[in-house]
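This report concerns only the one structure given below.
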There are 2 protein chains.
Amino acid sequence: MTLHDDLRAIALAEFATSGYAATSLQRIADLAGTSKASVLYHFASKELLLADIVSPAVDDLDRLLDSIDPASGLRHADFVENFVDLLLRHRQVVPLIINQGATLDDVPVMHRSTEIMRRVAELFRLASGSTMEKLRFGVAFGGVAYTLAAAERLGLSGEIDVDDLRSALLRILHELLVPSAADLADSNSKD
Amino acid sequence: MTLHDDLRAIALAEFATSGYAATSLQRIADLAGTSKASVLYHFASKELLLADIVSPAVDDLDRLLDSIDPASGLRHADFVENFVDLLLRHRQVVPLIINQGATLDDVPVMHRSTEIMRRVAELFRLASGSTMEKLRFGVAFGGVAYTLAAAERLGLSGEIDVDDLRSALLRILHELLVPSAADLADSNSKD
DNA sequence: TCAGGTACTGACCGATCGGTCATCTAGCGT
DNA sequence: ACGCTAGATGACCGATCGGTCAGTACCTGA
C-alpha cells in the first residue's frame, strides 16, 4: 500500500465519520504519520482529494442512469439489482454522499452528485403517476441508501453478511415497487 | 417577529441548506441585517444557537420513544402515526438532523440526536427477529425520514399537500411493517 | 560522478473563524 | 435630570484553516 493510497483511505474514513469540513488536512497527515505538505503534494488540494475519493461512485451511478429506459426501467429487476449492487460496491462512499452531499455542493464533484440525485428524482416523476407512486420510489431507494449509510455509521454493518444484506434489500425493494394488484387498485381509486 | 426569532429562522435555513460548519455567524448576521456581535448577544455561542434550533425536535422524539412498549409498539398504528406526525411537525429540522447529525456529534445536542437514532436502532433489534425484519424497519423509517429530508432539500416539498403526504407515508409504512401472511411465511422459511 | 526527477518537509502566508470586551444608544421608572 | 438596563456594535484576539515555497534527501540513468 503506497502512501498515496493510504491517504485516500484515511481521508475517506475521516470524511465519512467526522465530515469533510471538520476534517483538516493536518489531521489526515497526522493519522497517516506524514506532514500536511506531503498530503498536498499527493493531492493538489483538499477538494481534489475529495473528488478523487467520490468520483468513482458518482461515475458508476451516472453510467447506471444512462442505461435506463425512463418509462419502465425503474421497476425492472435488472435496474433494482444493479442499483443495490452499486450501493454495496461503494458502501464506504455512500454515507459520504448521502449525509454530506447537501452541504458541499459548492465543491464541483459533490454538486455533480446532487445533480444525479435530482436526476433520480426526475426519473421517479416520469416513471410514476400519483404522489403515492413517487413517494413509494423515494422511500424505497432513499430508505435503502440511507439505511446502508446509517448502518455503516453506527457500526452495525460488521455484523451482517453482505450476501444476506443484498438479498434482503432486493426483497424489500421488490415488495415496495411491485405492489400487489389489490394495492394498486386501491391506490388508483384514491387519486 | 423579533430579531431573536429572525436569527433562529435564518440560522435554521442556512444550517439546513449549507451546513452548520459552512455557515459562519457573520453570514447569519449579514442575512439578518445586523452584526456578528449581536448574534452572539442573543445566543451565547454558535453551538447554543444550534441547540436552540434542534432541541425541540429531539425532545419530541425522546418523549415519543419513552412512550413505546419495545416488544410490540413499533408496529402499532399509533406509533407509526405519531412518528410520521413528528417528522412532519419538525419538517425543517429533520434534514438538519438527518444530513448532519453524523458530522456534528462533538456538539452536545447533536450527540443526543445520534444517541436517539441508536435507540431507535435498538428498538428495531428488540422488536424484530431476523436480519430481514430489522432491515424492513430500517428501510421504512429511514426511507420516510430521508425522503422528507431530500424533498425539503431539492425544493419539491412545496408542490405537495401536507395531508396527502401524511396519508401516503402512513400507507407505505403500513405496507412495509405489516406484510402479508404469505410474505411472512416465506421470510421465516428463509431464516 | 553528476544531472534530474520524485518524494517529502518546515516555515510561512493571508484569510477566516468563533468569541470577548469596552463602549454607545435608546427607553423607562423615579 | 438621573441612573439603570437591554440591545447592539466595532475593534480586536488567538487559533486554525488551506495553500505556497524554498529547500533537502534519495534514487536512477547517463
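Just so it is clear, none of the values below were taken in a lab; they were calculated from the coordinates. Worth saying up front: this structure is predicted, and the values here are computed from it rather than measured. Cβ atoms come from the backbone with ideal geometry, glycine included; neighbour counts cover every protein chain shown.
A compact table of results
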read-out	value
Dipole of segment A:1-87, positive end: most advanced residue of A:35, A:57, A:3 [Cβ charges, Cα centre]	A:35
Mean separation of Cα contacts under 8 Å (6+ apart) over length of chain B, as relative contact order %	21
Residue-averaged 222 nm ellipticity for chain B, from DSSP H runs of 4+ at -39500 (n - 2.57), nearest 500	-24500 deg cm²/dmol
GNM top mover of A:159, A:81, A:122 - chain A, alpha-carbon springs below 10 Å	A:159
Degrees, to the nearest 10: B:131-154 long Cα axis against longest axis of chain B	30
Fewest-first sequence of A:98, A:160 by Cβ atoms within 10 Å of each Cβ	A:160, A:98
Nearest residue to the symmetry axis between A and B, taken on chain A by its Cβ, in whole Å	A:143, 1
Neighbour-count ranking [beta-carbon atoms within 10 angstrom, fewest first] of B:146, A:20	A:20, B:146
Nitroxide proxy distance, nm - points 7 Å out along Cα→Cβ at residue A:31 and residue A:63	2.8
Directionally averaged shadow of chain A, computed from the convex hull of its alpha-carbon atoms, nm²	12.1
Kirkwood Rh in Å, taken over all unlike Cα pairs in the protein assembly as shown	21.9
Tally of Lys pairs whose C-alpha atoms are under 23 Å apart, taken over the protein assembly as shown, 8 or more apart or cross-chain	4
Convex hull of segment A:86-176 built on C-alpha atoms - directionally averaged projected area, nm²	6.4
Rg/Rh ratio calculated on Cα atoms of segment A:22-68 (Kirkwood radius)	1.19
Whole-Å semi-axes of the ellipsoid equivalent to segment B:1-82 (Cα gyration tensor, √5λ, descending)	35, 12, 11
